[in-house]
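Please treat every number below as a calculation from the coordinates, not as lab data. It should be emphasised that the depicted structure is a prediction, and the values quoted were computed from it without experimental measurement. Here the Cβ is made from the backbone with ideal geometry for all residues, glycine too, and neighbour counts use every protein chain on show.
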Amino acid sequence: MAIAIDFVPAWGNRYNDHSWNVLIKDGESFAFEPFWDQDRWKYKRIYNNKTFDYIYGRFRAPKIYRHTFKNYFDGPITDTRVDIEDIPPLFRNFKKKDVSHEYFDTANVSVPLSNLSENVYYAYLCVWSANGWRPVQWGRIKKNKAVFKGMGKDIVYLPCYYINKSLNPAGEPFLLNESGEIEYFNSDLKDTEDLCIKHYGSQSLLSNLSNHLIISGTVVKGSCDRSFKKSDTLCVFPDSVEIYGDKIGSYSNRTVRYIRLSLPSKTLAYSDLSFFQRDSEKKEKKINHVKLVHPLDSIENGEQVSYIFDEYKSTGYIKELNKNFIDIDLGAEYCISSVDFTPYIDSGLKKEFEFELFYWNNGWQSIQKQMGTGKHMIYKDVPKNALFILLHQDKNNRQGSRLFIYRDKEILWY
């Protein structure tokens with residue numbers, strides 16, 4: 001049986017590159033990890049740009065290549081017009097094969113280019129990495145455009161030129177969304193909103209795994225009786241929970257006023273918890289003015305239980321209880337259509353460090369600086385639908401700052 005090595009030159013939502021083994025049998029490839037991990041054959045599943053790993057969270061791969069003995073001559077390395085200094089090191093290597101399609105659905109992306117100089121024949125699509133933008137695919141320039149073939153979705157890209165060993169932006173960054181469509185970002189300072197954030201990097205699911213286990217498998221019950229002598233099960237949270245919010249439909253069509261969360265452990269730990277009903281037009285509407293039947297005190301860092309029910313996904317509350325359930329009062333009787341929940345995330349905004357928020361507008365532009373709070377922070381009047389990064393000076397912390405966008409009061413990391 002043939003064994004090869006596949007690799008991703010740079011992740012689209014986390015730092016570093018990665019390589020692994022792949023068994024090839026009858027023309028089909030089976031990715032595996034020979035030395036570690038409990039499920040050593042899961043990589044085709046977790047590298048499909050759709051799912052997430054139970055321990056390590058989401059992996060988003062822009063490209064996947066296979067090391068080969070055979071030469072694959074293609075692109076700028078075959079073009080005699082291009083100087084070797086104007087080719088990124090990844091594409092000077094012709095002993096590799098593009099196998100992205102073996103792992104995930106791909107999209108060919110046509111990108112308009114700007115600032116085009118003479119004698120520049122190729123552009124490169126880049127993702128954000130530890131030292132800035134990093135090229136992962138080339139595209140031949142024709143009529144001020146370049147087509148980049150076989151790209152991974154749900155990833156932020158920036159088109160660049162590579163001239164004399166240096167990357168220069170060739171256009172605006174964009175999100176290649178899950179449907180394979182390009183979404184450009186906004187940089188209009190007249191169209192603004194407040195941004196709530198609790199971390200500077202894509203929080204590793206591993207570092208918050210205990211918080212997620214606390215709520216996985218939670219049973220949500222509803223009743224019109226505060227004592228819950230009679231109740232209906234509305235939904236059950238899944239066993240695997242990631243850092244982002246999830247919405248689960250209700251099993252019941254009965255009206256309820258009180259909600260009971262039957263917790264897997266005696267701990268309440270949420271960044272957000274919302275309940276929805278359908279209006280007369282069958283559109284879902286969030287139920288406001290929700291509160292606990294028995295109030296809880298603020299915790300040491302000042303977080304309040306009301307943060308669970310506010311408009312932001314980056315606030316939150318965690319507290320050990322003396323019982324394994326919590327009761328919630330909706331304020332009136334409703335027919336619950338769905339429940340939206342986001343697990344609690346520990347803050348990465350340490351009090352002793354300054355955090356500076358930037359947005360992209362022909363390069364990174366500073367918005368404002370704040371000292372860390374040990375919990376969430378709010379940056380006022382930032383452009384809506386922009387591309388952001390939150391930089392810090394904590395040199396001893398290995399985790400660096402990641403790109404993010406802000407949609408529906410939630411941080412989405414890239």
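Quick notes on this one:
- Whole-number percent relative contact order across the range 159-281, with pairs defined as alpha carbons under 8 Å at least 6 apart: 20 percent
- In terms of surrounding Cβ atoms within a 10 Å radius of their Cβ, Glu284, Glu172 rank from fewest to most as Glu284, Glu172.
- Gained length - Ser187 relative to Arg81, 0.36 nm times residue gap less alpha-carbon distance: 34.5 nm
- Relative packing of peptides 179-191, 353-365, 130-142 - highest average C-beta neighbours within 10 Å first: 130-142, 353-365, 179-191
- Here the dipole of the range 1-140 is about 280 debye; that uses its Cα centre as origin and unit charges on the Cβ of Lys and Arg (positive) and Asp and Glu (negative).
- Rg/Rg_ref, the range 144-292, where Rg_ref = 2.2 N^0.38 Å and atoms are Cα: 1.50
- Extending 7 Å from Cα along the Cβ direction at Asp408 and again at Asp105 yields two label points whose distance is 1.9 nm.
- Burial ordering of Ile259, Ile389, Ile214, fewest other beta-carbon atoms within 10 Å first: Ile389, Ile214, Ile259
- Of every Cα-Cα pair in the range 278-396, the percent that sits beyond 16 Å: 72 percent
- In the range 204-343, the ratio of gyration radius to Kirkwood radius, Rg to Rh, stands at 0.94 when only Cα atoms are counted.
- Computed from phi, the 3J(HN,Hα) profile of the range 366-382 under the Karplus parametrisation 6.51, -1.76, 1.60 (θ = phi - 60°) reads 6, 9, 6, 10, 8, 7, x, 10, x, 9, 7, 9, 10, 9, 7, 6, 9 Hz, with x in place of Gly and Pro.
- Taking the chain and dividing mean pair separation by its residue count, relative contact order in percent (alpha carbons under 8 Å, at least six apart): 14 percent
- Taking 1.002 mPa s as the viscosity and 20 °C as the temperature, the Stokes-Einstein diffusion coefficient of the range 2-184 based on its alpha-carbon Kirkwood radius rounds to 126 µm²/s.
- Candidates Pro264, Ser114, Phe104 compared by Cα position along the dipole of the chain: farthest toward the positive end lies Phe104, with charges placed on Cβ.
- Summary of the geometry: the range 55-77 and the range 196-246, compared by the centres of their Cα atoms, lie 36 Å apart.
- Descending principal axes extents, the chain, alpha-carbon based, whole Å: 79, 55, 48
- Positive contributions from Lys and Arg (+1) and negative ones from Asp and Glu (-1), summed over other residues with Cβ under 13 Å from the Cβ of Ser223, come out at +2.
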